[in-house]
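What follows is a set of notes on a single structure, which appears directly below.
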Amino acid sequence: MNLETLDAKKKNKNKLNGISHETIGDDHLYTGLETPMRKDAFKLTDKEKKEKISLLFEEIMHVMGLDLTDDSLKGTPDRVAKMYIDEIFSGLNPANKPQVALFENKYQYNQMLVEKDITFYSNCEHHFVPIIGKAHVAYISSGKVIGLSKLNRIVQYYAKRPQVQERLTNQIAEALKDILETEDVAVIIDAKHLCVSSRGIKDDTSSTVTVYYGGKFNTTEKITELQNYLK
Ligand SMILES: [Zn+2]
């Protein structure tokens with residue numbers, strides 16, 4: 001294929017993408033907040049997915065010229081497949097969503113609760129390389145409270161997907177709002193993207209901060225208070 005045809009093909013692809021975004025129907029999962037998933041995403045079992053990914057990853061390694069008979073490399077396709085499905089992308093499967101029990105707010109604690117410095121590892125969906133960061137989540141109880149470790153688990157669940165940081169922030173916030181039955185939720189994420197620090201522009205010092213302030217957190221007062229706790 002000559003370069004011109006390739007260019008035309010690329011342009012067409014972009015155009016198609018443009019149209020498909022504009023004509024998204026309600027029955028599509030392609031919204032900004034939802035991770036774009038196909039409807040048949042769970043037709044294959046985890047075991048079948050791992051077998052398939054292993055074969056495909058072996059192919060990638062083979063195409064790159066790696067010798068798959070080498071002792072150090074031959075287990076890699078299986079390891080990658082297992083890691084994708086069981087660990088770093090396990091949050092794609094709703095079956096892995098943490099079960100969260102609510103408790104009555106017995107202590108009548110009605111100030112903000114902040115769980116800070118939740119370390120997470122995610123992966124950039126554009127390059128499939130790590131995003132490493134800290135999440136800080138806060139809420140003001142509407143009468144219900146959840147166990148502190150659950151806040152952490154919710155962060156980890158959404159981090160274990162191919163992600164963009166903005167979506168990760170909003171997905172955590174929406175999940176908390178839903179579970180805690182309140183709009184008064186805040187999420188702050190400060191993360192380093194390895195696609196920025198280890199390749200491309202190779203900026204090793206920058207980090208990205210994204211925030212979500214819902215309900216009562218939308219006042220300068222509350223934001224200042226929250227930021228004081230995070231110092
Ligand atoms: Zn990236």
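Rounded to the nearest Hz, the phi-derived 3J(HN,Hα) couplings of the stretch 224-231 under the Karplus curve 6.51 cos²θ - 1.76 cosθ + 1.60 (θ = phi - 60°) are 5, 4, 4, 5, 5, 5, 8, 5, where x marks glycine and proline.
Have a look at the DSSP beta bridges in the chain and tell me what percent are antiparallel, nearest 5.
95
Considering helices alone, the calculated mean residue ellipticity of the chain at 222 nm is -12000 deg cm²/dmol, with DSSP H runs of length four and up weighted by -39500 (n - 2.57) and normalised per residue. Derived from the Cα gyration tensor, the three semi-axes of the equivalent ellipsoid of the stretch 101-230 are 29, 15, 11 Å, largest first. Gyration tensor analysis over the Cα atoms of the chain returns equivalent ellipsoid semi-axes of 37, 22, 19 Å (largest first, whole Å). Please give the residues of the stretch 93-118, grouped as numeric ranges, whose backbone N is less than 17 Å from a label point set 7 Å along the Cα-to-Cβ vector of Glu181. Residues 100-110 qualify, since their backbone N sits under 17 Å from the label point.
Once C-alpha pairs closer than 8 Å and six or more residues apart are averaged by separation and normalised to the residue number of the stretch 101-230, the relative contact order reads 25 percent.
Among 209-217, 36-44, sorting by the average number of other beta carbon atoms lying within 10 angstrom of each residue, highest first, gives 209-217, 36-44.
FRET efficiency for the Glu48 to Leu73 pair, using the beta carbon distance and R₀ = 22 Å, is estimated at 0.40.
Placing unit charges on each Cβ (+1 for Lys and Arg, -1 for Asp and Glu) gives the stretch 101-230 a dipole about its Cα centre, and among Phe103, Ser198, Thr210 the Cα reaching farthest toward its positive end belongs to Ser198. Each residue in Ile172, Ile132 was given a count of other beta-carbon atoms within 10 angstrom of its own, and listing them fewest first yields Ile132, Ile172. Rounded to the nearest whole Hz, the Karplus-based 3J(HN,Hα) values (6.51 cos²θ - 1.76 cosθ + 1.60, θ = phi - 60°) of the stretch 201-209 follow the sequence 6, 6, 8, 8, 9, 6, 9, 10, 10, with x at glycine and proline. Counting only alpha carbon atoms, the long axis of helix 148-159 and the longest principal axis of the chain meet at about 30°.
Bear in mind that the values in this text are calculations on the coordinates, not laboratory data. Small disclaimer: the values here were computed from a predicted structure and weren't measured. Don't worry about glycine lacking a Cβ; one is built from the backbone with ideal geometry, like all the others, and counts go over all protein chains shown.
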